[in-house]
Amino acid sequence: MRTSLVTGSVLLALVGSSAAGPADTAPLPERLADTGGGSQLITAEAPGTGSTTGTVSWWDLQSGKWVRAGSAPARFGAKGLTEGDKRVQGTNTTPTGLYDLPYAFGVEAAPAGTRYPYRRAGDRSWWCQDDAARAYNRWVEPLPADCGADEAEHLVAYPEQYARALVIGFNYDRPVRGRGAGIFLHVNGSGATAGCVSVPAPSMDRILAWADPDRRPHIAIGTHSGTTAITRY
């Protein structure tokens with residue numbers, strides 16, 4: 001009797017493993033609730049909400065199948081990740097969710113092959129994060145009177161991180177005051193970010209050479225599991 005029970009348990013485990021296999025091994029975009037409707041996608045996945053590191057991958061939809069075009073180690077906010085709809089500005093958390101990528105920018109010139117709209121940052125270039133300013137969560141040149149310099153980022157002051165970047169459309173189309181501003185996919189600095197996603201410089205160049213605005217790429221940011229699981233977005 002004991003032998004038959006053990007055998008039965010093994011068979012059930014094997015059946016369960018076989019059934020779970022295809023779902024577990026399917027490309028990550030196929031497991032997402034939404035990919036934005038385009039044929040390119042960037043995924044930024046962290047192990048958990050307290051993580052400051054993870055993986056960024058970029059994908060192409062080819063003949064109905066998602067194929068990984070590249071991958072790189074990623075960094076997230078110094079305080080981890082949080083649900084984008086509930087994020088509070090100044091918390092050093094990376095917002096989870098699915099977002100569009102409005103345009104690219106950089107202190108340096110666009111890398112060869114870049115097709116994305118690319119804006120070169122100069123001495124007059126700022127990103128306004130002042131809740132009281134009309135240009136909240138927008139690039140401004142020059143800094144307007146209603147946006148305090150201590151509530152804005154002077155883009156050229158970050159020549160390493162903002163050498164090249166993509167704007168993430170978090171809180172962008174209809175900004176909610178106090179939710180957060182200036183969330184980008186950019187080049188690594190010395191450590192975790194203030195809420196952005198960052199990758200090594202060569203990977204950022206590869207992403208910009210790969211991204212095609214005509215294919216409507218989005219970025220999905222999330223964790224491996226839980227309420228902020230990347231598969232929810």
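The values are calculated or read from the model by the stated rules, or taken from the named source; none is laboratory data. Note that this is a predicted model, so its numbers are computed, not measured. Every residue, glycine as well, gets a Cβ built from its backbone with ideal geometry; the counts of neighbours run over all protein chains shown. Quick note on the areas: whole protein, heavy atoms, side chains included, nothing else; ligands and nucleic acids left out. Shrake-Rupley method; radii C 1.70, N 1.55, O 1.52, S 1.80 Å.
Restricting attention to region 139-146, does a residue exist that is over 18 Å from C196 (Cα atoms), open to solvent by 20 Å² or more (accessible area, probe 1.4 Å), small (G, A, S) and touching a strand residue (DSSP E or B) at 6+ places or on another chain (Cβ under 8 Å)?
Within region 139-146, not a single residue is over 18 Å from C196 (Cα atoms), open to solvent by 20 Å² or more (accessible area, probe 1.4 Å), small (G, A, S) and touching a strand residue (DSSP E or B) at 6+ places or on another chain (Cβ under 8 Å).
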Checklist (1) among the aliphatic types (A, V, I, L, M); (2) modelled with pLDDT of 95 or more; (3) open to solvent by less than 50 Å² (accessible area, probe 1.4 Å) applied to A33, failing item: (3)
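If you take the residues in region 82-97 that are assigned to a strand (DSSP E or B) and β-branched (V, I, T), which one is most open to solvent (accessible area, probe 1.4 Å)?
Filtering region 82-97 for residues that are assigned to a strand (DSSP E or B) and β-branched (V, I, T), the one most open to solvent (accessible area, probe 1.4 Å) comes out as T82.
When you check D123 against the structure, is it outside any strand (DSSP E or B), under 20 Å from R174 (Cα atoms) and open to solvent by 10 Å² or more (accessible area, probe 1.4 Å), yes or no?
Values: outside any strand (DSSP E or B): yes; under 20 Å from R174 (Cα atoms): no; open to solvent by 10 Å² or more (accessible area, probe 1.4 Å): yes.
Against the criterion (outside any strand (DSSP E or B), under 20 Å from R174 (Cα atoms) and open to solvent by 10 Å² or more (accessible area, probe 1.4 Å)), D123 does not qualify.
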Some residue of region 19-27 being open to solvent by less than 20 Å² (accessible area, probe 1.4 Å), in contact with a strand residue (DSSP E or B) (Cβ under 8 Å, 6 or more places away or on another chain) and modelled with pLDDT of 95 or more: no
Selection count where residues are touching a strand residue (DSSP E or B) at 6+ places or on another chain (Cβ under 7 Å) and touching a residue at least 24 places away in the same chain (Cβ under 8 Å), scope region 123-136: 6
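Return yes when Y158 is out of contact with any helix residue (DSSP H, G or I) (no Cβ under 9 Å at 6 or more places or on another chain), modelled with pLDDT of 95 or more and hydroxyl-bearing (S, T, Y) and no when it is not. Reasoning before the result, please.
Values: out of contact with any helix residue (DSSP H, G or I) (no Cβ under 9 Å at 6 or more places or on another chain): yes; modelled with pLDDT of 95 or more: yes; hydroxyl-bearing (S, T, Y): yes.
Against the criterion (out of contact with any helix residue (DSSP H, G or I) (no Cβ under 9 Å at 6 or more places or on another chain), modelled with pLDDT of 95 or more and hydroxyl-bearing (S, T, Y)), Y158 qualifies.
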Residue ranges of strands (runs of 3 or more DSSP E) in region 160-217 with at least 1 members buried (at least 20 other Cβ atoms within 10 Å of the Cβ) and of a type in the set (F, W, Y): 184-187
Residues within region 63-81 that are of a type outside the set (K, R), under 22 Å from Q161 (Cα atoms) and either touching a residue at least 60 places away in the same chain (Cβ under 8 Å) or in a loop (DSSP other than H, G, I, E, B) (or both), tallied: 9
